[in-house]
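Below: the structure, in structure tokens.
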Amino acid sequence: MSSLKIKATNLWGREVNKATTKARILAAYEKIAERYHDLIDHKPHNAYYDRPNTLKLLGEVEGKSILDAACGPGKYAEALTNKGAEVIGFDLSPKMVAFAQERNQNADGFFVHDLTNPLDMFEAERFDRVLCALALHYIEDWNPVVTEFHRVLKKEGEVVISIEHPFFEYNYFKSKKYFEIEEVSAIWRGFGGRVTVPSYRRPLLECLMPFTKNGFYIEELVEPLPVKEFEKYDPRHYKELNEFPAFMCFKARKK
């Protein structure tokens, strides 16, 4: 076999593998969607760790247009709408989108869309903010996604991201390849039953460079602490999160 054919075969295999990973992620979220929706108001890592820190980075949102990229069951959208923002959201999971529509009583404001595909339904400079909470670690190559965030943001618009902390992931997955982007899987037991969820672990540099290379500068980075109410629901993890972060949040501004 020629080197050209070998290369083509390898590329095809890589694309098939990526598609399979995406299908597994979608299947996992479709499976847990109802339970996730039921728990989202008070599930500690979401309600008392990720959300308060990420919402703080979004700042004053009254009168602002916000794209909620990978919106899940619409809890962020609900919080932002209650603060006077106009929110449009999308998610890969049809069940999550249905819950977002129900929660926000807005069937037209939420739709099914793959974050890795272009946001062709929006004109350039459509939004004041883009929010992407706990979703980018499901994507191998962030560059096309960040490029689209840049396109749909207004001049000096902001994107706010929360992700799993790269140092936490390196330890949690017992990686031996810190500087690589590698596919990993975690077993979730908090949504009823056992669900395997694949994602991509990456070093800190690969979390920041896709933004700084594609028209943003990092304005603020937060290694969050849980709010006090977390302790009431999960004292063990409250203690752990006050000693070492599991998530990381940052705000990037369009140049």
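The values are calculated or read from the model by the stated rules, or taken from the named source; none is laboratory data. These numbers come from a predicted model, not from an experiment. Here the Cβ is made from the backbone with ideal geometry for all residues, glycine too, and neighbour counts use every protein chain on show. With ligands, DNA and RNA removed, areas are computed over all heavy atoms of the protein, side chains included. Shrake-Rupley method; radii C 1.70, N 1.55, O 1.52, S 1.80 Å.
Failed condition for residue 78, given (1) closer than 23 Å to residue 106 by Cβ; (2) touching a residue at least 40 places away in the same chain (Cβ under 8 Å), with all others met?
In the conditions (1) closer than 23 Å to residue 106 by Cβ; (2) touching a residue at least 40 places away in the same chain (Cβ under 8 Å), residue 78 misses (2) alone.
Can you name the residue in segment 185-197 that is of a type in the set (Val, Ile, Thr) and surrounded by 17 or more Cβ atoms within 10 Å (Cβ to Cβ) and is also farthest from the chain's Cα centre (by Cα) among such residues?
Result: 195.
Take residue 64 and tell me if it is among the charged types (D, E, K, R), buried (at least 20 other Cβ atoms within 10 Å of the Cβ) and under 22 Å from residue 218 (Cβ atoms).
So residue 64 fits the description; yes.
Considering every residue within segment 149-157, establish whether at least one is open to solvent by 70 Å² or more (accessible area, probe 1.4 Å), modelled with pLDDT under 95 and assigned to a strand (DSSP E or B).
Yes, the conditions are met somewhere in segment 149-157.
Name the residue, out of 178, 200, 238, that is open to solvent by 40 Å² or more (accessible area, probe 1.4 Å) and of a type outside the set (Asp, Glu).
178
Can you name the number of the only condition in (1) in contact (Cβ under 8 Å) with a residue 40 or more places away in the chain; (2) farther than 30 Å from residue 238 by Cβ that residue 108 fails?
Tallying (1) in contact (Cβ under 8 Å) with a residue 40 or more places away in the chain; (2) farther than 30 Å from residue 238 by Cβ, residue 108 fails exactly one: (1).
Restricting the search to segment 105-125, which residues are in contact with a strand residue (DSSP E or B) (Cβ under 7 Å, 6 or more places away or on another chain) and crowded, with 16+ Cβ neighbours inside 10 Å?
Across segment 105-125, the qualifying residues are 109, 110, 111, 113, 115.
Of all residues in segment 241-255, which are surrounded by 12 or more Cβ atoms within 10 Å (Cβ to Cβ) and either more than 30 Å from residue 150 (Cα to Cα) or basic (Lys, Arg) (or both)?
241, 242, 251, 253, 254
What is the residue count in segment 224-255 for residues that are more than 24 Å from residue 39 (Cα to Cα) and of a type in the set (Asp, Glu)?
Within segment 224-255, residues that are more than 24 Å from residue 39 (Cα to Cα) and of a type in the set (Asp, Glu) number 1.
Only residues that are in contact (Cβ under 8 Å) with a residue 60 or more places away in the chain and not β-branched (Val, Ile, Thr): list them for segment 111-135, please.
114, 126, 127, 128, 129, 131, 132, 133, 134, 135
Any idea which of (1) within 14 Å of the chain's Cα centre (by Cα); (2) closer than 27 Å to residue 185 by Cβ; (3) open to solvent by less than 50 Å² (accessible area, probe 1.4 Å) is the one residue 169 doesn't satisfy?
In the conditions (1) within 14 Å of the chain's Cα centre (by Cα); (2) closer than 27 Å to residue 185 by Cβ; (3) open to solvent by less than 50 Å² (accessible area, probe 1.4 Å), residue 169 misses (1) alone.
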